[in-house]
Amino acid sequence: MYDIAIIGAGPAGSTLARLLSTRYRTLLVDRRPLDRPAGVGCLAKPCGGLLAPSAQAELARQGLGVPSHVLSGPQLFAVRTLDLPTRLERIYQRFYTNIDREAFDRWLASLVPDGVDRVWGWAMTGLERDADGSFLRFRTAEGGSAGIRATIVVGADGASSLVRRLAFPDVTAPRRYAAVQAVFELGSAAPYYGAIFDEELTDYYGWTIPKGGGLLAGIAVTAAADVNAVFDEYVDRLTKHGFGIGAEVSRSSAAIVRPTRMSHLCPGHDGVMLAGEAAGFISPSSAEGISYALSSASTLAGAINGGLDDAAPRYRTAVSPLALTVGIKAAKSAAIYAASARRLIMRSGIGAIAPQQRPVGAPGLSMS
């Protein structure tokens, strides 16, 4: 019997496991085989791997500095925003830290203290509640089945959170998107981070990010779309715009959520709580989720460390400022993603830095 079982060892789950009191018996489970070298039987999350200033600040609050092996290059200080249908471009100053997302996740997992039990390669398949807590079912790494009991279950299992779906089926879920991302040879593309808008392809946005000598290009599209066809068209349009994208090396996809109202957020209750994207904590304007994962996990740790019995109401109260931030970002996204408003803002030059001569093939983009 565990006091706390954490499902998911991404930034939210690993942070929570690291910050919980050692007086609790804690289990951390992830379906990825994190005990194997990166790339060996592991599904890599298609993430741009940029630490926004809010994520940098949260790491600093937690007393952490990113080690050199987690960093990637080049480091980026501006975002080139491109409205593809009108070919409008603006440059906005932003201060991101370029990282290797797989290495970042593994680094955070390595900080979890030895007193926390860790199980890698197990996929949760069921959750049953009773008077004694929760009973969780898993498919093991070997293909068998296993079960554990816990007083508190924490879903830190991302956009497709099974914990949320099983524990809170009546809570309205945010709209789901598929983030499709490919690694390309850099070709002649200039090393800019770009945020690309094209309402013919998506009501969200696309991105390009130089990464370790290559180029990531991705787009978020509604989950009901033919995502690979949309992605191929997206890359074709970038190429025609002048992006010198090289050959495709690999492609991956994953679900992301986009909360647009407060009812989409679900911190949890009755012994089941949610952190990070599982709770809906992610920026609706940029899909930046690392800062929300780190912050919500830290807040949840504080609530649980105050005692198991009243942890849920303490968490809901303490996390309300983060929920308000999501609401503010949702209002911001209404302007960014309304084509007429976005183009008006871009034409005005508000917030943009002085334009420079754009090299041939330079990508465009911006977001926060």
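Laboratory data are not the source of any read-out in this text; all were calculated from the coordinates shown. Just so it is clear, the model here is predicted, and its values are computed rather than measured. Heads up, the Cβs are rebuilt from the backbone with ideal geometry, glycines too, and the neighbour counts pull from every protein chain shown.
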Length added when fully stretched, A38-A60, from 0.36 nm per residue minus Cα-Cα: 5.3 nm
Expected max-MSF residue from A12, A341, A293 in the GNM of the chain (alpha carbon, under 10 Å) is A341
Near the amide H of I152, under 5 Å away, which other amide H atoms are found, from residues 5 or more places off or on another chain, if H is placed in the peptide plane? I4, A5
Excluding near-sequence neighbours (fewer than 8 apart on one chain), the chain holds lysine pairs with C-alpha atoms under 27 Å apart numbering 5
Grab the Cα-Cα distance for S250 and D203, subtract it from 0.36 nm times how many residues apart they are, and report the gain in nm with one decimal. 14.4 nm
Most fluctuating of L88, L186, L215 in the GNM of the chain (C-alpha, under 10 Å) is L88
For the chain, build the charge dipole from Cβ charges (+1 Lys, Arg; -1 Asp, Glu) around the Cα centre, then report which of Y337, F184, G65 sits farthest towards its positive end. Y337
All-pairs alpha carbon distance profile, the stretch 55-172, 10 Å steps from 0, percent: 10, 25, 27, 23, 12, 3
Within the stretch 308-350, name every residue whose backbone N is under 18 Å away from a label modeled 7 Å from Cα of T172 along the Cβ vector. 323-334
The chain, Gaussian network, Cα under 10 Å: of A303, A225, A103, the residue fluctuating most is A225
For the stretch 304-320, what does the Karplus curve 6.51 cos²θ - 1.76 cosθ + 1.60, with θ = phi - 60°, yield as ³J(HN,Hα) per residue in whole Hz, taken in order and with x for Gly and Pro? 5, 5, x, x, 6, 4, 10, 5, 4, x, 5, 5, 4, 6, 5, 8, 4
With label points built 7 Å along Cα→Cβ from the Cα atoms of D236 and S320, find their separation and express it in nm. 5.1 nm
